[in-house]
Amino acid sequence: MIKTPFTELFGCKHPIMLAGMNWVTTPELVAAVCNAGALGIFATARCTPDEARQNIRKIRELTDKPFGINQLLILGQVARDVIDVAIEEKVPVINYTLGKPWFIDQVHAYGGKVIGTTAYVKHAVKAEQLGCDAIIVTGAEAAAHGEEATTLVMLPIIASKVKIPIISAGGYGSGRGLAAALALGASAISMGTRFALTKESMVHENFKQLCLKASENDTIVSSKFDGMRGRALKTPVTERIVKGGFPLVEAFQGAFETKQYLKLNWPQFIGLSFKMMSADSEHPIWVQARQAAGFRRHTMAIYDGNTKEGIYFAGQILGACDDVPSVKELIDRIMVEAEATIKKNNAAIA
Ligand SMILES: Cc1cc2nc3c(=O)[nH]c(=O)nc-3n(C[C@H](O)[C@H](O)[C@H](O)COP(=O)(O)O)c2cc1C
């Protein structure tokens, strides 16, 4: 067993976290991760507040272990309402990204913990100052929204600047990776791409098969997928999107579908759009339009397995993924390999 500040703080057996992944994280996947001794996080970006509550209650039916939710704060009022639900439901861990948290004291009041997600050293320092209990640091290798700096560079810098536990995200899937993250100053790893390739993951079989064939060079980074720099599986459609212009028609179509999906009425939808366009927003209208277009294509990939039109976010760790184990098999083998790696390295000390 490996004990770290992460396992102590969150009360789980292993220093491993399921990354919040919109669409991919289901109550079943989250509970499987928790029941196997790691920390499961459910991404609520696709949920209305009522759906978030139902999913939280479903997770509680499937596990009695600690778990968390992940919310994108750029979603404005919808994000506020979902966070309110999570607080009412006393969700043990609230993980936020893309925004400033206003709810830390409320979560602490019932004994919950807050994890901020960042891809920048300065934001990690800020998250600690704001009162976060831990931070996720996303390196360039990651699926979806990493930035340019790599884990190898960022972790030691952040570890020298903050005292709260660091969870390293981006590029993990093995015990050697976990051992390396701990050596660099992290207390745990967060895995997205790897957990999406497990038996319990609902990602469509077509994309699981494409991922198994992919190497570490088969991903592509662009801000054209959803308006923010993101890494996706390289396919004819993602290559075409990267070369193409602004998808105006798709953006409108996607915006409309997003409105339907989140069950917003028109005033709510327009209000949210204006809020996101406001002076302090880092996400101007064209980013939102891209997000709307991307939203459609992500669901086409994950739910429908549409390899001709769908976009599938995936990280460089694809190069090391050559099977579809159960969640428990994956976690157990990572822990065995991590312990062996640490023991071997310790034995090298003369
Ligand atoms: C399909 C998919 C959806 C994602 N959705 C979210 C999300 O809703 N919120 C978030 O903070 N990160 C999201 N991410 C990023 C992951 O939380 C995590 O940072 C990333 O997967 C880590 O890199 P890895 O894939 O190399 O393990 C998503 C990633 C994927 C693959």
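At-a-glance table
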| quantity | calculated |
| --- | --- |
| Total residues in the range 297-314, condition touching a residue at least 40 places away in the same chain (Cβ under 8 Å), within 14 Å of the ligand (Cβ to nearest atom) and crowded, with 18+ Cβ neighbours inside 10 Å | 10 |
| Identity of the residue in the range 58-82, part of a loop (DSSP other than H, G, I, E, B) and not charged (D, E, K, R), that ends up farthest from the ligand (Cβ to nearest atom) | Thr63 |
| Condition met for Val153 (part of a helix (DSSP H, G or I), surrounded by fewer than 23 Cβ atoms within 10 Å (Cβ to Cβ) and at pLDDT 95 or above) | yes |
| Residue list for the range 34-89, restricted to those being among the small types (Gly, Ala, Ser) and modelled with pLDDT under 95 | Ala45, Gly76, Ala79 |
| Residue in the range 5-21 that is farthest from the ligand (Cβ to nearest atom), counting only those that are in a loop (DSSP other than H, G, I, E, B) and surrounded by 19 or more Cβ atoms within 10 Å (Cβ to Cβ) | Cys12 |
| Residues located in the range 162-181, provided they are more than 21 Å from Glu329 (Cα to Cα) and either of a type in the set (Phe, Trp, Tyr) or more than 16 Å from the ligand (Cβ to nearest atom) (or both) | Val162, Lys163, Ile164, Pro165 |
| Residue count, the range 4-35 (criterion: charged (D, E, K, R) and farther than 13 Å from Ala134 by Cα) | 2 |
| Sole residue being surrounded by fewer than 17 Cβ atoms within 10 Å (Cβ to Cβ) and modelled with pLDDT of 95 or more, chosen from Glu200, Glu148, Glu205 | Glu205 |
| Yes/no for Ala169 being aliphatic (A, V, I, L, M) and crowded, with 21+ Cβ neighbours inside 10 Å | yes |
| Residues that are more than 25 Å from Glu239 (Cβ to Cβ) and either charged (D, E, K, R) or over 18 Å from the mean Cα position of the chain (by Cα) (or both), drawn from the range 297-329 | Asp323, Val324, Pro325, Ser326, Lys328, Glu329 |
| Residue in the range 190-211 that is under 30 Å from Leu39 (Cβ atoms) and in a strand (DSSP E or B) present | yes |
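The values are calculated or read from the model by the stated rules, or taken from the named source; none is laboratory data. In this text, all values refer to a predicted model and were calculated from it rather than measured experimentally. FYI the Cβ positions are ideal-geometry reconstructions off the backbone, even for glycines, and counts take in every protein chain you see.
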